[in-house]
Each structure stands twice: as C-alpha cells, then as structure tokens.
Amino acid sequence: MISPKIGVLTFATAALLALSGCATSGDQEPSPTPSASGSGFAQPGQPVVKYDKWDWFKDTYWIVPQDGIDSVLHSGTDPSSFTVTRGQTVFHITDYYNGYWSGSVVVKLTAVQVPACQYVLGQTTPEGNVYMTMYDAKTGAVVNDPIGEMVQVDDQWTMVNTMTGPTDKGGTLSHWAYMVQSREGDPTFSSLPFAEQSIPDFMSACPPGPQIKGRP
C-alpha cells in the first residue's frame, strides 16, 4: 500500500512519498468467517491465552495487484491539481505475536524509480481490522499510518488498505488497494505488476524486517 517518505498496499517516497497492497490461498490460513473466538478476556487467576488467528502472516509477501497500482497525488503548490500516479508496494511480514506483526516495506512510484525503504508495525484484530504504522528504515521517523481490513475475495484473503499521507513537497498522496499474497511460483513473484521485477530483486535494496522482542 502506498506511503510517503523517500528514498514502495499496500500497503514512502523521494520526491513524493509513497504506496502500499491476488494470490492463492494456503492451507494454513483461517476460515474467512470473522470471529473473535480465542480472544476472550481472561479472568483474574486464569492463564492468558495469546490469539493466533493471523499467525500465518509470518514470512508472507503482500503486493499491489495490477488493478491497484493507481494512486492520486495532490499538488503542494496548486490546490486544484490532482494527478494520477502509479507504483508498487511490497510488504514482507517477518514476525507475528498476538495480533501484532512486523516487517519491511518497499515502495516504488512512477515519478521516483528508486526504492523507499520502511519498517511496518501492524495490528490485526480477531475481527480482521488492520492498523499500521510505517517508519523510515534509516531514521525511524513515522511516515504513514494506513488502515485496512482483512476481506475474502474469490476464496482468498486480501488486505484492503487505504491511506492519505503528506509528500515532501507539501502535497499528499492517496492510495487504496486489495493487497494480495504472492508466493514463490506465482507469476507475480517473478514479475511484479508495474515494477516488472521479481520480489527478491524488488526487496534487495532495503534491510530485512525486524523481529518483535520481549515477548513473555
């Protein structure tokens, strides 16, 4: 997805900042029916049970499919100027704990064909609500805070992400997409929509995603 701030749903920038977000479903994925089961509240004296409905997120890649590569840039100098731009965003989710997940994000936009590298900390509730914070991978500055929802489309899980964030020239970039999984062997894994690179090549210029530390 898109997110601003130099240098990619989803799901960052350089002269603009940038973007974020169909693949096949996996056996490890949960039922499409939203449910809060397993997330009940522990009473005093009872053990706390961490919920793992979305633990299959770990080590998954999420991309913007072909029909989601458009976004809209609002000019920082001309209030009436709204312009279509295009780009690709890839999430590599590298860790999961109790509904929280972390990973790396790479964004490339039409206007700036250099990667914008970010880290992401996401939260997904048992009901499938998604909240994210994107951080510049070099400075740690917050660059965007997309929101989304887990939705089944054609029996596949998608992460429907949306955002509007500032660009480095005073405008904004708005984007939404049904971000989808891409796995090794899928056509999109070897040639991403818009970017026309393999996922490993697309992600190679940026650091790997961090782990979540300090879990009990």
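The table for this structure:
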{"read-out": "Qualifying residue in the range 182-204 (condition: crowded, with 16+ Cβ neighbours inside 10 Å, aliphatic (A, V, I, L, M), outside any loop (DSSP other than H, G, I, E, B) and in contact with a Pro (Cβ under 6 Å, 6 or more places away or on another chain))", "value": "no"}
{"read-out": "In the range 138-175, residue farthest from residue 70 (Cα to Cα) [restricted to those that are at pLDDT below 95 and of a type in the set (A, V, I, L, M, F, W, C)]", "value": "141"}
{"read-out": "Hey, residue 95 outside any strand (DSSP E or B) and of a type in the set (Asp, Glu) or not", "value": "no"}
{"read-out": "Positions within the range 102-140 being over 16 Å from residue 168 (Cα atoms) and β-branched (Val, Ile, Thr), in sequence order", "value": "105, 106, 120, 124, 125, 130, 133"}
{"read-out": "Residue 8 part of a loop (DSSP other than H, G, I, E, B) and at pLDDT below 95", "value": "yes"}
{"read-out": "When residues of the range 134-157 are limited to those that are among the hydrophobic types (A, V, I, L, M, F, W, C) and either assigned to a strand (DSSP E or B) or touching a Gly at 6+ places or on another chain (Cβ under 7 Å) (or both), the one surrounded by the most Cβ atoms within 10 Å (Cβ to Cβ)", "value": "134"}
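The values are calculated or read from the model by the stated rules, or taken from the named source; none is laboratory data. Here the structure is a predicted model, which is why all the values come from computation and not from measurement. Cβ: placed from backbone, ideal geometry, glycine included. Neighbour counts: every protein chain shown.
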